[in-house]
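Working notes for the structure below.
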Amino acid sequence: RHTLISSTLQAELRLMDRRREGADALEAIAACVRLRESALIYLQYEDRVWPVTMFPREMLYHSPRSLLLGGGRGMRGLKLVDIEPASVRPPGHWMHDRIASARSYHPLAPALWKLALQGPRAKLLSEIGGTAAYRVLRRLAGENLFIPGALGPAAERLRKETAPLRKIAAWPGMSLERASRMLNALYLSSNLIVSRTHHSARAGIFEWLLGRRPH
């Protein structure tokens, strides 16, 4: 098997280190998803290390325990320990060795959604941050995802209008952290349009700058 992860993923991890985000589990997972690269990710969860093998192309992950079973304060403290090449293969791979028991594979989409909403990262992922406005592609209804409180109405509103982060954070029941977590979750579920040129993206920056000026 490959003994090294790809140079592209290595470059992403080095960039995380330069931003002092080397232990950010969600950024590392997002890099794997964005690059569609399989990888074995070691996560520190409470007092144990949790090995999770990501298969973004198949939208599956391999783990002895479902990520959906984690919860509470433990998820907020989730940290990246290390990343290695995948040691198992996904179901249906043409090379049948190193395919694990079927019950140890789980759907990736619900896990990504939960990690974004309940995990350690409270700000936007670097890939979608900066001067930008956001729009939702499709309805969340029917996708079997947990959508607490104001997130459902906010996501539905984003299907009809494009808005920057600061504006979304000001909607009823929302905050800067809730809006950031929601946008991260939508991005990881391939349900977010990020526009750098939309007029509302620049308007959001101007409103923020004006709001910071002393009276």
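The values are calculated or read from the model by the stated rules, or taken from the named source; none is laboratory data. Quantities reported herein were computed from a predicted structural model and do not represent experimental measurements. We place every Cβ from the backbone using ideal geometry, glycine too, and count neighbours over all the protein chains shown. Keep in mind that these areas ignore ligands, DNA and RNA; they rest on the heavy atoms of the full protein, side chains included. Shrake-Rupley method; radii C 1.70, N 1.55, O 1.52, S 1.80 Å.
Report, ordered by chain and residue number, the aspartates and glutamates lying within cross-link reach of K114, taken as a straight Cα distance under 16 Å and ignoring same-chain residues fewer than 8 apart.
Qualifying aspartates and glutamates at Cα under 16 Å: D24, E27, E143, E177.
Express in nm, to one decimal, how much length is gained between H106 and W171 on full extension, taking 0.36 nm for each residue of separation and deducting their alpha carbon distance.
Gain on extension, H106 to W171, equals 20.0 nm.
Give me the net charge of A154's neighbourhood, meaning all other residues with Cβ under 12 Å from the Cβ of A154; Lys, Arg count +1, Asp, Glu -1.
Details: positive: R157, R159, K160, K167, R178, R181; negative: E156, E161.
With Lys, Arg at +1 and Asp, Glu at -1, the net is +4.
Of the heavy-atom accessible surface of the chain (probe 1.4 angstrom), what whole percent is carbon and sulfur? Don't jump to the answer; show the numbers that get you there.
Numbers: 6340 of 11670 Å².
Looking at the chain in its full context, I get 54 percent from C and S.
Does anyone have the angle between helix 176-188 and the longest principal axis of the chain? Alpha-carbon axes, 0 to 90°, nearest 10?
Approximately 50 degrees, to the nearest 10.
Taking the 0 to 90 degree range and rounding to the nearest ten, how far is the long axis of helix 108-118 tilted relative to the main principal axis of the chain, both from C-alpha atoms?
For helix 108-118, the angle is close to 50 degrees.
Ordering I29, I193 from largest to smallest accessible area (1.4 angstrom probe), what's the sequence? Before the final figure, lay out each step's value.
On the way: I29 5, I193 75 Å².
Ranked list, largest accessible area first: I193, I29.
If you consider only alpha-carbon coordinates, what radius of gyration and Dmax does region 29-85 have, in Å?
11.2, 31
Modelled label-to-label distance, E46 and R159, 7 Å Cα→beta-carbon offset: nm?
3.7 nm
Against the longest alpha carbon principal axis of the chain, how many degrees, from 0 to 90 and to the nearest 10, is the axis of helix 7-18 turned?
It is inclined by approximately 50 degrees.
Would you mind pulling out the separation of the Cα centroids of region 4-40 and region 139-185, in Å?
If we compute the Cα centre of each part, the gap is 26 Å.
Need one number: nm distance between label points at R138 and R18, each 7 Å from Cα along Cα→Cβ, rounded to one decimal.
3.6 nm
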